[in-house]
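Below is one structure, written out as C-alpha cells, with a few remarks after it.
The values are calculated or read from the model by the stated rules, or taken from the named source; none is laboratory data. The structure presented is a predicted model; accordingly, all values stated were derived computationally and were not measured. Cβ atoms come from the backbone with ideal geometry, glycine included; neighbour counts cover every protein chain shown.
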Amino acid sequence: MAASNANTHHLPGEDTDWRKNIITQLRDRNRSETYCFHDLICLHNRLLESANTLKLENYQLSIANEKLKCEVGSGGFGGNSTLEARLLAHAEELATLHKRRGEHTQQIVDLNNKLQELRKELQTKESSIAESLEVNAGLRAEITRCVSRERELENVNQMLKDEHQALQLAFAALEEKLRKVQEENRQLVERLIRYKAKDAEKMNEENDNFLNEAFTSPTTFLMHTLSKFGKRQAKMQKELEDAARDTRGISPDRTSLKECPAGFSPSLPTKVSSKFANAFKAVSNMPNRKHNTRLTNRYQRDILIQDAHDGEVNAVKWSPVDRIVATGGADRKVKLWDVSKGSYDSKGMLVGSNAGVMSVDFDSTGSLILGASNDFASRVWTVSDLRLRHTLTGHCNKVMAAKFLGEPSKVVTGSYDRTLKIWDLRSRACIETKFAGSSCNDVVISDGSGSTIISGHFDKTIRFWDTRAESSSNNILLQGKVTSLDLSRDAHYLLSCVRDDTLKLLDLRMNQIIGTFSADGFKVGCDWARATFSPDGQYIAVGSSNGSVFIWSVSSNKVESVLKDHTSSVTAVAWHPQGTYLASVDRTKQATIWGDV
C-alpha cells in the first residue's frame, strides 16, 4: 500500500523510466557477472538435465520392477527363468545408472569447487583493478599539479626575464644620467675655480692699489681709507636694517646658504652674495622680537566656513592665481570660495560626481579644476563658467587622488583598484596604465614635464614611476600606510604622512629619509589625511584626529604651533602659494582659513 501511495506522486512516464533503468542495470550486471562462467553454467545445466533424466528413468524402472514383482507374485508370467533374466538385466541397468549418477554427482562437486575458486580469483582481480584505478587517479592528479606548477614557473621565469631587461635598461639610463651629472659637476667646479681666480686677481689688484696709495701719500691715503670705511659701515648698517625689517621666509627658488660654498651663489655675484650672507647671519644673531616670534602668534583663525558641505569635507586646494580655495566633500560636490575680501563668498558649485569627492587640484593657470571621486571616475571643470568638461572613467574602484601631469592636457589618477592611469584630455582616453599592486592613496608630480610620478600606497610603500617605462623605477618602504604625499617647491624633498602617526621627510637627491616628525596628541585621523609643505619649504602642516592642526619647523624638527578650532578629525590642509593663508577642513562640514598676522 505504501509503495502504491508513493507511486501516485510520480508521473506514468517517470515510473516507466525508472523501471526500465533498473531492469537495464540488472541485465548489465547479470551479463557482466555470468559471462565468464557461461561455459561452466551450460555444462552444469546439461549435467543437471542428465541427472534429472536418469532420475526419471530410474523412477520408471522402479515402477516397472514393482509391476513385474506383482505379476510374478500373481503368476501372470510363464516361467521364472525369463523373469529372473529380465530382473537381472534391470538390476544391472540400475547399477549402471547409479554408477553414472555417482560420477555425475562427483562432476557437479568438482565443478562447484572450480566455480568457487573462479569466484575468489574474480574478486581478487576486481580488488586489484580498483586499487589500480585509484593509483591511476592519483597519478593523473599529480600530473595535473606538475603541469600547472610548470606553467607557473614558466610565467615567473618570463617575469624575471622582463624585470631583468627593465633593470638593465634602467641601469643604462642611470649610467648615462650619472655621466651627465659628473660632467655637469666638472663644469661647475671649473666655473667655481674661474670665479675664485677672478676674485684673487681682483684682490691682488686692490692690494697693489692700496700699497701704491700708501707709499704715494700716507695722509691722503689715511683720509681716503677712513672715508671709505665710513661709507662701507653705513651701507652695511642699511643692509642690516633692511634685513631686520624683512621677516619673510626664504623662498624655495632662492639657493640655500647652507647648500652653496662660502661666499658663492649661482644666481648672484660673489661679493653681493657674501654681503647678503653676512647680513643674514647678523640678523639671525640679533635679538629681534619680531623675527623670533613663534608661529603660534603668526597664524590665527581668520575665516570660518561652518557648513562648507552637507557632509564630510575630504579635500582642499588653493588656486595658484587667486585667493580662491576649492573644497571637495562627501556630498558629491566641489565648491569654490573667494576669501580675498577678508570674508568668504561662494564662487560656485561644481556638480556631476555620483559619489564623494576625495581630491581636488588646479592646473598651473588656475582655469581648470580636477576632482577625484568614489564613483570610480575623475572629472575636469572650467573655473570661469563652472561647466563639466571631461569625465574620465576606467577605474574599477574608487579614485583617491588625481593631479594634472605637467600640462593641463594630461592627468594622472590613483585608485583603490591598485592601478595608476594617465589620461589625455584632448583625446579623452587613457593612454597608459601603471600596475602598482596595492591601493593608491595619493600621487604627486616631481618635475614640470610630468615625466616622473610618485605614488603612496596602502602596502606602506612609496613608488617612483617614469612615464617612459612600464614598471616603477624605485620603491621606499615605510612603517605604515601612506595617506598623502607633498613635494617642496624645489622638488628636492618629499613629505609623506604615514598611518603610524608620523610624518616622514625624504631627500629625493639621496633617496633616503632624513627626518621624522611626531608629537604628543598627534594622530592621523583617516587613510586619506593630507599633509603639506609651506611655500617656502620651512614648515609642514597636517591635521590630527583630535581636531588640531600641527605645524612643524623643518630645520629644528620641533612643533612650532598647534592651531585649535576644529571639533572633529581634520582631513586635509593646504597652504596658499604666497604663504599668507592656511586652509584646513574636517569631517563635520567645517572649513577654516587661518590668516598670517
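Looking at 394, 371, can you tell me which residue is under 25 Å from residue 485 (Cβ atoms), surrounded by fewer than 20 Cβ atoms within 10 Å (Cβ to Cβ) and within 22 Å of the chain's Cα centre (by Cα)?
394
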*Please give the number of the condition residue 500 fails out of (1) free of Cβ contacts under 8 Å to residues at least 40 places away in the same chain; (2) touching a helix residue (DSSP H, G or I) at 6+ places or on another chain (Cβ under 9 Å).*
(2)
*Can you find even one residue in segment 169-181 that is under 17 Å from residue 469 (Cβ atoms), aromatic (Phe, Trp, Tyr) and not assigned by TED's automatic domain parsing to the domain that holds residue 511?*
yes
*With 585, 542 as the choices, which residue is within 22 Å of residue 306 (Cβ to Cβ) and either β-branched (Val, Ile, Thr) or in a strand (DSSP E or B) (or both)?*
585
_Looking at the structure I just gave you, is residue 381 over 25 Å from the mean Cα position of the chain (by Cα), in a strand (DSSP E or B) and either of a type in the set (Asp, Glu) or within 25 Å of residue 450 (Cα to Cα) (or both)?_
yes
*asked:* So for segment 363-378 (the condition being closer than 21 Å to residue 535 by Cβ, without any contact (Cβ under 8 Å) to a residue 60 or more places away in the chain and among the aromatic types (Phe, Trp, Tyr)), does at least one residue qualify?
replied: no
*Among the residues of segment 542-584, which ones are surrounded by fewer than 19 Cβ atoms within 10 Å (Cβ to Cβ), under 21 Å from residue 505 (Cβ atoms) and among the polar types (S, T, N, Q)?*
553, 555, 556, 557
*Residues in segment 517-531: is at least one touching a Leu at 6+ places or on another chain (Cβ under 6 Å) and over 23 Å from residue 593 (Cα atoms)?*
yes
*Working only within segment 433-472, note down all residues that are within 21 Å of residue 315 (Cα to Cα), surrounded by 22 or more Cβ atoms within 10 Å (Cβ to Cβ) and of a type in the set (Phe, Trp, Tyr).*
none
*Name every residue in segment 585-596 that is surrounded by fewer than 20 Cβ atoms within 10 Å (Cβ to Cβ) and polar (S, T, N, Q), in order of residue number.*
588
*asked:* Return the residues of segment 473-500 that are buried (at least 16 other Cβ atoms within 10 Å of the Cβ) and either over 20 Å from residue 453 (Cβ atoms) or of a type in the set (Phe, Trp, Tyr) (or both); say none if nothing qualifies.
replied: 493, 499
*Can residue 120 be described as over 30 Å from residue 41 (Cα atoms) and assigned to a helix (DSSP H, G or I)?*
no
*Matching residues, segment 418-438, being small (Gly, Ala, Ser), touching a Phe, Trp or Tyr at 6+ places or on another chain (Cβ under 9 Å) and closer than 17 Å to residue 400 by Cα*: 436, 438
*Subset of segment 309-337 [surrounded by fewer than 23 Cβ atoms within 10 Å (Cβ to Cβ) and assigned to a loop (DSSP other than H, G, I, E, B)]*: 310, 311, 312, 319, 320, 321, 322, 323, 330, 331, 332, 333
